[in-house]
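Asker: What follows is a single structure, and I will ask about it in a moment.
The numbers here are math on the coordinates, done by the rules we state, and not lab data. The structure displayed is predicted, hence computed values, not measured ones. With ideal geometry, Cβ positions are generated from the backbone for all residues, glycine too; neighbour counts draw on all protein chains shown.
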Amino acid sequence: MKLGIVGLPNVGKSTLFNSLTKAGAESANYPFCTIDPNVGVVTVPDERLKLLGDFYHSKKVTPAVIEFVDIAGLVKGASKGEGLGNQFLANIREVDAIVHVVRCFEDSNVIHVDGSIDPLRDIETINLELVFSDLEILERRIAKVTKTARMDKEAAKELDFLQKVKAHLEDGKMAITMELENEDEEAWMTTYNLLTWKPVIYAANVAEDDLADDGASNAHVQAVRKYAAEQNSEIFVICAEIEEEISELDDDEKKMFLEDLGLKESGLEKLVKASYHLLGLMSFLTSGEDETRAWTIKIGTKAPQAAGKIHTDFERGFIKAEVVNYQDLLDCGSYAGAREKGLVRMEGKEYIVQDGDVILFRFNV
Ligand SMILES: Nc1nc2c(ncn2[C@@H]2O[C@H](COP(=O)(O)OP(=O)(O)O)[C@@H](O)[C@H]2O)c(=O)[nH]1
Ligand SMILES: [Mg+2]
């Protein structure tokens with residue numbers, strides 16, 4: 001999974017990105033971490049992993065990861081090529097979801113490109129660039145489909161749909177707020193890969209003082225919250241500066257620091273939760289002496305496809321899944337104990353994997 005961090009200049013994107021990747025880098029040694037300074041890997045916090053790893057005396061514990069891209073340079077006019085805009089827009093096209101950082105903190109030392117703090121205006125500026133870029137894609141597709149529409153019924157239907165999407169975007173609205181009417185429309189929409197079709201998480205970047213009540217007393221945050229709800233988007237409140245401080249701490253220090261601030265979890269944890277929720281994701285676990293590991297799948301994934309996340313052979317040669325719930329396993333004290341109690345189940349091709357399943361796949365290729 002790959003998330004792109006976007007927003008106007010000076011809103012705190014890089015501060016957030018650096019804190020995320022610093023926190024992620026310490027616990028996992030992923031080779032692709034360093035390839036590109038704008039791409040970082042964040043591990044998904046999961047307290048079950050350590051306990052399960054201890055239980056199995058695993059040599060290695062590997063968390064699930066989310067890839068983040070710091071997409072700088074989105075400014076007014078980006079869709080017209082302003083400030084290398086097109087290149088940045090192309091970067092956004094490759095991500096699964098967008099984290100849109102909006103500035104809700106006052107600080108006269110940090111210049112705002114438009115001179116004042118107004119997150120809704122900022123959101124509109126960025127989103128309009130995304131809309132313009134999508135309109136170009138639509139125009140190109142319309143030109144192509146128009147050629148065949150007279151002879152081909154399917155193409156004619158698609159052309160109608162394209163006009164509908166275009167009208168929606170010309171109203172300044174995001175594609176994701178469109179109600180799609182059937183599977184054809186969904187399939188077409190997927191192939192266009194529109195920027196405004198991607199799920200968005202708004203990150204309201206606040207001052208430290210606004211953290212404890214989750215931005216409730218900050219009018220800017222309230223405005224963003226309302227907007228996000230209208231867009232079926234997620235929002236989370238963060239202080240990027242504090243997050244950067246947290247990323248330097250070890251686990252115990254972090255806990256105390258968060259308690260002092262009156263917080264239950266860090267911004268990183270909030271972000272991971274929001275993205276899991278928005279994208280409909282969950283984790284299952286595999287465990288043994290060599291490695292205990294978490295894997296990310298979509299909710300509703302069946303056993304063979306979950307196996308395919310580990311290796312394509314596992315999916316191709318899938319026979320069955322030996323499944324035990326994480327908590328059941330720990331409560332029983334041993335795998336054999338769980339088996340005796342009948343808590344280890346044999347599941348077939350139609351089994352829908354559940355959050356916290358510890359799975360051993362049987363396969364044959
Ligand atoms: N007061 C305050 N300043 C911040 C916060 N987040 C970022 N900044 C500052 O804002 C400036 C721009 O931040 P940066 O992350 O580079 O923004 P970007 O252009 O969106 O990548 C830097 O001087 C940061 O130190 C914050 O939460 N509070
Ligand atoms: Mg930056």
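Asker: Would you calculate, for the chain, the mean residue ellipticity at 222 nm contributed by helices, counting each DSSP H stretch of 4 or more residues as -39,500 (n - 2.57) and dividing by all residues, to the nearest 500?
Answerer: -13500 deg cm²/dmol
Asker: If you don't mind, there's one more thing I want to ask. Work out the count of Lys pairs in the stretch 120-216 where the Cα-Cα distance is under 16 Å, with the pair 8 or more places apart or on different chains.
Answerer: Pairs that pass both the separation and distance tests number 7.
Asker: Spelling out what I want: for every residue of the stretch 359-365, take phi, set θ = phi - 60°, compute 6.51 cos²θ - 1.76 cosθ + 1.60 (Karplus), and round to whole Hz; glycine and proline get x.
Answerer: Per-residue couplings from phi come out as 10, 10, 8, 9, 8, 8, 10 Hz.
Asker: So what is the orientation-averaged projected area of the stretch 235-315, using the convex hull of its C-alpha atoms, in nm²?
Answerer: For the Cα atoms of the stretch 235-315, the hull's average projected area reads 7.5 nm².
Asker: If you rank 48, 362 by fewest surrounding Cβ atoms within 10 Å, what's the result?
Answerer: 362, 48
Asker: Would you work out the Kirkwood radius for the stretch 191-240? I mean one over the mean of 1/r across all pairs of different Cα atoms, in Å.
Answerer: 11.7 Å
Asker: Relative to the Cα centre, what is the charge dipole magnitude of the chain, using +1 at the beta carbon of each Lys and Arg, -1 at the beta carbon of each Asp and Glu, and rounding to the nearest 20 debye?
Answerer: Dipole size: approximately 1640 debye.
Asker: Quick check: from the Cα gyration tensor, does the stretch 273-365 come out rounded (a/c under 1.5), prolate or oblate?
Answerer: oblate
Asker: Within straight cross-link reach of residue 2, meaning Cα distance under 15 Å, which aspartates and glutamates are found once same-chain residues fewer than 8 apart are removed?
Answerer: 36, 67, 70, 94, 96
Asker: Same structure, new question: Lys/Arg Cβ at +1, Asp/Glu Cβ at -1, dipole of the stretch 127-211 taken about the Cα centre: which of 151, 207, 168 is farthest positive-ward?
Answerer: About the Cα centre, the residue reaching furthest to the positive side is 151.
Asker: Same structure again: Loop only by DSSP, 11 or fewer other Cβ within 10 Å of the Cβ. Give me the GluC sites (Glu not before Pro) in the stretch 176-231 that pass, ordered by residue number.
Answerer: Passing both the DSSP loop test and the Cβ count: 179, 181.
Asker: Return the loop-located GluC sites (Glu not before Pro) in the stretch 71-135 (DSSP other than H, G, I, E, B) with at most 16 other Cβ atoms within 10 Å of their own Cβ; answer none if there are none.
Answerer: 94, 106
Asker: Related question: At most 14 other Cβ atoms within 10 Å and a DSSP loop assignment: could you name the GluC sites (Glu not before Pro) in the stretch 307-365 that fit?
Answerer: Hits after loop and neighbour filter: 350.
Asker: Here is a follow-up. Stokes-Einstein diffusion coefficient for the stretch 144-212 at 20 °C in a medium of 1.002 mPa s, Rh from the Kirkwood formula over Cα pairs: what value in µm²/s?
Answerer: After rounding, the answer is 150 µm²/s.
Asker: Let me ask something else. Counting other C-beta atoms within 10 Å, which of 61, 110, 99, 165 has the fewest, and how do the rest follow?
Answerer: Lowest to highest Cβ neighbour count: 110, 61, 165, 99.
Asker: Kindly work out what percent of the DSSP beta bridges joining two residues of the chain are antiparallel, to the nearest 5.
Answerer: 50 percent
Asker: Take a quick pass over the stretch 298-356 and tell me how many lysine pairs come in under 17 angstrom between Cα atoms, counting only ones 8 or more apart or on separate chains.
Answerer: Lysine pair count for the stretch 298-356: 7.
Asker: For residue 186 and residue 362, what is the calculated FRET efficiency with R₀ set at 45 Å and r taken between the beta-carbons, to the nearest 0.05?
Answerer: Result of the calculation: an efficiency of 0.85.
Asker: In whole Å, what is the distance between the alpha-carbon centres of the stretch 167-232 and the stretch 307-357?
Answerer: The two parts, judged by their Cα centres, are 37 Å apart.
Asker: Also, quick follow-up: For the chain, what are the per-bin percents of Cα-Cα distances with bins 10 Å wide, up to the bin holding the maximum?
Answerer: With a bin width of 10 Å, the distribution comes to 5, 21, 27, 24, 16, 6, 1.
Asker: Then there's this: Arranged by the count of other C-beta atoms within 10 angstrom, fewest first, what order do 74, 169, 360 take?
Answerer: Sorted ascending by nearby Cβ count, the order is 360, 169, 74.
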